[in-house]
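Sharing a structure here in structure tokens format.
The values are calculated or read from the model by the stated rules, or taken from the named source; none is laboratory data. Everything quoted here is computed from the prediction, not taken from an experiment. Methodologically, a virtual Cβ is constructed for each residue, glycine included, from the backbone with ideal geometry; neighbour enumeration extends over all protein chains shown. Please note that ligands, DNA and RNA were not included when accessible areas were found on the heavy atoms of the full protein model with its side chains. Shrake-Rupley method; radii C 1.70, N 1.55, O 1.52, S 1.80 Å.
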Amino acid sequence: MDDRDADPADAWPLPPVWMWGCEKCIELYKAMKHACEVTNAAREEYGPSFDCDPFDTVLTSQIRLAEHLATEHTEDIPAQDPACAKCTSPEMIHLPQRFVLEHRARHLFAPPSVVDLL
């Protein structure tokens, strides 16, 4: 498989420029990407039958970054994405605003296939 065969829903977006002006954003983003790299390398070595992220580091690093964005960069969080099933789900209106913002923040740094999971 090469880049032509890749699903766009799996492509990691380049975060917006303003995130690079925040030291905490940079720190959390690097931690998230490092967790992904380590886990992916372990999966290649051990295969899919081995839990290569037993402490859910990949997920928690994404949640930490989304939390930071939702609380410290609220005005920069994108609006609801009409193409996202989670954003347009009727259940979103029942969630605390912070969780809605955290989900929408994930659109800034995670692929659509990952954003749809939380």
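Any residue in the stretch 81-99 that is open to solvent by less than 40 Å² (accessible area, probe 1.4 Å) and part of a helix (DSSP H, G or I)?
yes
Right, next: Report yes if some residue within the stretch 42-58 is in contact with a Cys (Cβ under 8 Å, 6 or more places away or on another chain), open to solvent by 90 Å² or more (accessible area, probe 1.4 Å) and not aliphatic (A, V, I, L, M); otherwise report no. Explain how you work it out, then say what you get.
To start, the set of residues in the stretch 42-58 that are in contact with a Cys (Cβ under 8 Å, 6 or more places away or on another chain) comprises 42-43, 46, 58.
Okay, now just the ones that are also open to solvent by 90 Å² or more (accessible area, probe 1.4 Å), so 43, 46.
Those left that are additionally not aliphatic (A, V, I, L, M): 43, 46.
Yes, the conditions are met somewhere in the stretch 42-58.
Residue under question is T39, and the condition is that it be farther than 16 Å from A105 by Cα, touching a helix residue (DSSP H, G or I) at 6+ places or on another chain (Cβ under 9 Å), open to solvent by 30 Å² or more (accessible area, probe 1.4 Å) and at pLDDT below 95; does it hold? Walk me through it before giving the result.
Values: farther than 16 Å from A105 by Cα: yes; touching a helix residue (DSSP H, G or I) at 6+ places or on another chain (Cβ under 9 Å): yes; open to solvent by 30 Å² or more (accessible area, probe 1.4 Å): no; at pLDDT below 95: yes.
No: the conditions fail for T39.
Restricting attention to the stretch 1-33, report how many residues are over 14 Å from F109 (Cα atoms) and at pLDDT 85 or above.
Count: 4.
Counting only residues that are part of a loop (DSSP other than H, G, I, E, B) and buried (at least 16 other Cβ atoms within 10 Å of the Cβ), how many does the stretch 59-79 have?
2
When both residues are 6+ apart or on different chains and their Cβ atoms are under 6 Å apart, which pairs have a first residue that lies in the stretch 98-115 and is more than 16 Å from E72 (Cβ to Cβ), and a second that is open to solvent by 10 Å² or more (accessible area, probe 1.4 Å) and among the small types (G, A, S)?
Close Cβ pairs satisfying both conditions: P111/A11; P112/A9; S113/A9.
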